[in-house]
1. If you scan segment 207-221, which residues turn out to be open to solvent by less than 80 Å² (accessible area, probe 1.4 Å) and touching a residue at least 12 places away in the same chain (Cβ under 8 Å)?
2. In segment 57-72, which residues are closer than 16 Å to E117 by Cβ and open to solvent by 50 Å² or more (accessible area, probe 1.4 Å)?
3. Suppose the filter is out of contact with any Leu (no Cβ under 6 Å at 6 or more places or on another chain), open to solvent by 10 Å² or more (accessible area, probe 1.4 Å) and closer than 20 Å to M136 by Cβ; does E78 pass it?
4. Quick test of your reading of the structure: G26 fulfils all but one of (1) open to solvent by 10 Å² or more (accessible area, probe 1.4 Å); (2) farther than 18 Å from C130 by Cα; (3) modelled with pLDDT of 95 or more. Name the failing condition by number.
5. Are there helices (runs of 4 or more DSSP H) fully within segment 96-192 with at least 1 residues that are open to solvent by 20 Å² or more (accessible area, probe 1.4 Å) and among the polar types (S, T, N, Q)? List them.
6. Out of all the residues in segment 202-221, is one or more out of contact with any Asp or Glu (no Cβ under 8 Å at 6 or more places or on another chain), over 20 Å from L165 (Cα atoms) and assigned to a helix (DSSP H, G or I)?
7. Among the residues in segment 30-38, are any part of a helix (DSSP H, G or I), within 21 Å of K120 (Cβ to Cβ), out of contact with any Ser or Thr (no Cβ under 8 Å at 6 or more places or on another chain) and of a type in the set (G, A, S)?
Amino acid sequence: MTKVIAIANQKGGVGKTTTTVNLGIGLARKGYKVLLIDADAQGNLTDALGWHTPDELHITIGNHMHSLIEHEQFDPNEGILHHDEIDLMPANIALSALEVSLVNALSRETILKRYIEMVKDSYDYILIDCMPSLGMITINALAAADSVLIPVQAHYLPAKGMTQLLQTIRRAQHINPQLTIQGVLMTMTDRCTNFTKDISNQLRGMYGDHLNVFIAEIPRAIRIAETSAYGKSIFEYDPKGKATEAFEALVEEVTE
């Protein structure tokens, strides 16, 4: 049975794309068939996997969602890009225009879900990299997902932002009652500092009794930042590094 996970946080710069790439490839390395969906008009996921000019791509998730809105026939596999062990449905600036079109669309919250239903039988996991907002595209991702994984940067106390996101998830559960929270993932941690330890402890104290806070924490590492420039995962770029160990641990927790 295919599992669809949305990686979401309306705060930018918390590691959503990095998490999507490395969790996806980590799952593929365990033998699962994985599709990543770029649901951000900036195309950061597409860029991170080596397609550095996403606006030049002719077929993206925006095209397919537009076809669904207009009741047009299309091949749902057209435009899927192949990167080593995983597949990618890319995005580019066309997704921004689509968000405007969704305002007046019938069943506007479930357009992405309808696309995923067309391709999900080919995959074990589908990961959706959400844009840093709580707009209609993110609502579509939550409506399509089985669960939400929330990356949270460990260098600030994210209580207010978490509250807003959790409220949005609760609203999405009216559309998608099966939606659960996979867990909260601490990113950009530095266990050498008391500040990171304090924030980690506060986050676990505030949410740990009713949300899963992953044991795995993704450290701040220059190697992670470098992977995007080379279109590689951390597993290939730094196979013995601490960040790689952290993502391996995350994959184990997700598959458990």
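The values are calculated or read from the model by the stated rules, or taken from the named source; none is laboratory data. Everything numeric in this text was worked out from a predicted model, so none of it was measured. Heads up, the Cβs are rebuilt from the backbone with ideal geometry, glycines too, and the neighbour counts pull from every protein chain shown. Please note that ligands, DNA and RNA were not included when accessible areas were found on the heavy atoms of the full protein model with its side chains. Shrake-Rupley method; radii C 1.70, N 1.55, O 1.52, S 1.80 Å.
1. Let us first name the residues in segment 207-221 that are open to solvent by less than 80 Å² (accessible area, probe 1.4 Å), namely 207-208, 211-214, 216-219, 221.
The answer is Y207, L211, N212, V213, F214, A216, E217, I218, P219, A221.
2. Going residue by residue through segment 57-72, those that are closer than 16 Å to E117 by Cβ are 61, 64-65, 67-69, 71.
Passing the criteria: only H71.
3. Details: out of contact with any Leu (no Cβ under 6 Å at 6 or more places or on another chain): yes; open to solvent by 10 Å² or more (accessible area, probe 1.4 Å): yes; closer than 20 Å to M136 by Cβ: no.
It is false that E78 is out of contact with any Leu (no Cβ under 6 Å at 6 or more places or on another chain), open to solvent by 10 Å² or more (accessible area, probe 1.4 Å) and closer than 20 Å to M136 by Cβ.
4. G26 satisfies all of (1) open to solvent by 10 Å² or more (accessible area, probe 1.4 Å); (2) farther than 18 Å from C130 by Cα; (3) modelled with pLDDT of 95 or more except (1).
5. Numbers: elements: 111-119, 136-144, 159-175.
Fully inside segment 96-192 and qualifying: 159-175.
6. Looking through segment 202-221, none of the residues is out of contact with any Asp or Glu (no Cβ under 8 Å at 6 or more places or on another chain), over 20 Å from L165 (Cα atoms) and assigned to a helix (DSSP H, G or I).
7. There is no residue in segment 30-38 that is part of a helix (DSSP H, G or I), within 21 Å of K120 (Cβ to Cβ), out of contact with any Ser or Thr (no Cβ under 8 Å at 6 or more places or on another chain) and of a type in the set (G, A, S).
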